[in-house]
Amino acid sequence: MKTLTVHSFAVHGTASLKAILSILGTRVLPVPSLYLTGLTNIPGFVKTEVQFEALLTGSLALARQRGEAIILYVGYLGQAWQARLVAEAITAYRDIIHAIVIDPVSGDQGRLYVPQDVVEAWPLLLSQADWALPNLTEVTLLSGLSPSPDLTPDVYIEAFRRRFPDTSLIVTSLEAAQDLSLRLISGDTDTVFTHARVARHFGGTGDVFAAWFIYYHYYMHLGGAESMQRAALRTLDALRLAMERNSPDLILEPTAS
């Protein structure tokens with residue numbers, strides 16, 4: 001089983017396809033949505049477009065020819081129209097797509113860092129997803145509610161669930177005092193995992209978490225809650241290792257075997 005990953009590819013930094021490949025290795029079929037010279041929080045980065053439709057459909061056609069089962073994981077979209085192409089590919093290759101995992105990369109810490117039309121395109125894919133892995137900012141943006149200081153995170157989460165009732169959800173980056181929490185809602189399960197907050201912020205933590213979640217849930221066949229907890233702990237390992245070595249980027253070692 002392969003994980004066909006639609007995501008940006010950033011040369012500098014540890015995130016997006018670079019992080020996914022570091023963790024999942026040859027299990028990944030990488031389909032860049034665009035190339036970046038560096039993460040979007042690195043000043044001076046440059047974007048480069050790719051032949052997205054040819055890469056996506058050609059990769060899926062070859063996977064079918066080779067008899068490969070596919071986990072479809074979608075992260076950063078370079079342009080809103082790419083969501084439509086992905087949705088069309090899901091219909092055309094549903095026979096080989098085993099599961100759909102969507103991380104609707106849109107923003108973090110209350111800041112939007114993609115065009116508004118990309119945010120508006122995500123529901124097309126979230127409505128078909130088995131799992132959604134947004135942070136709290138993305139849940140807020142995709143809840144269908146207007147941001148308001150009077151509304152609690154639970155209100156946005158419940159609105160998101162009503163909008164995408166068939167999609168299991170893990171919300172990351174829930175702040176509580178000196179801690180951070182992740183909340184999983186799937187069927188009758190509602191589980192929270194809390195850990196101490198790390199002092200520094202690094203780009204790419206969501207990508208690292210998603211890769212480890214896919215590894216534990218789909219390759220090690222662990223339940224959703226256990227996969228969430230283990231993925232969170234592996235992400236914390238990367239954060240702490242980067243801090244110990246005074247690295248500006250996450251450090252990923254060892255990777256999944």
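The values are calculated or read from the model by the stated rules, or taken from the named source; none is laboratory data. Just so you know, these numbers come straight off a predicted model, no measurement behind them. Cβ sites come from the backbone with ideal geometry, for glycine too, and all protein chains shown count toward neighbours. All accessible areas refer to the heavy atoms of the entire protein, side chains included, with ligands and DNA or RNA removed. Shrake-Rupley method; radii C 1.70, N 1.55, O 1.52, S 1.80 Å.
Scanning the stretch 1-50 for residues that are surrounded by fewer than 19 Cβ atoms within 10 Å (Cβ to Cβ) and of a type in the set (Gly, Ala, Ser) yields Gly25, Gly38, Gly44. Residues that are in contact with a Leu (Cβ under 9 Å, 6 or more places away or on another chain) and hydroxyl-bearing (Ser, Thr, Tyr) within the stretch 228-257 comprise Thr235, Ser247, Thr255, listed in sequence order. Within the stretch 43-78, the set of residues being in a loop (DSSP other than H, G, I, E, B) and without any contact (Cβ under 8 Å) to a residue 40 or more places away in the chain comprises Pro43, Gly44, Phe45, Val46, Glu49, Val50, Gln51, Gly67. Residue count for the stretch 155-189 under the criterion of being modelled with pLDDT of 95 or more and out of contact with any Ser or Thr (no Cβ under 9 Å at 6 or more places or on another chain): the result is 1. Kindly indicate whether Ala69 is at pLDDT 95 or above and open to solvent by 10 Å² or more (accessible area, probe 1.4 Å). Judged against the criteria, Ala69 is a match.
Filter the stretch 220-242 down to residues that are over 23 Å from Val11 (Cα atoms) and in contact with a Ser or Thr (Cβ under 7 Å, 6 or more places away or on another chain) and give me whichever is surrounded by the fewest Cβ atoms within 10 Å (Cβ to Cβ).
Restricting attention to the stretch 220-242, the residues satisfying the condition of being over 23 Å from Val11 (Cα atoms) are 220-233.
With in contact with a Ser or Thr (Cβ under 7 Å, 6 or more places away or on another chain) added as a condition, the list becomes 224-225.
On the way: Gly224: 20, Ala225: 17.
Step by step, filter the stretch 220-242, then rank; the result is Ala225.
Scanning the stretch 83-116 for residues that are among the acidic types (Asp, Glu) and more than 20 Å from Arg64 (Cβ to Cβ), we see that the one that is surrounded by the most Cβ atoms within 10 Å (Cβ to Cβ) is Asp103.
The residue that is modelled with the highest pLDDT, counting only those in the stretch 197-219 that are open to solvent by 60 Å² or more (accessible area, probe 1.4 Å) and touching an Asp or Glu at 6+ places or on another chain (Cβ under 9 Å), is Arg197.
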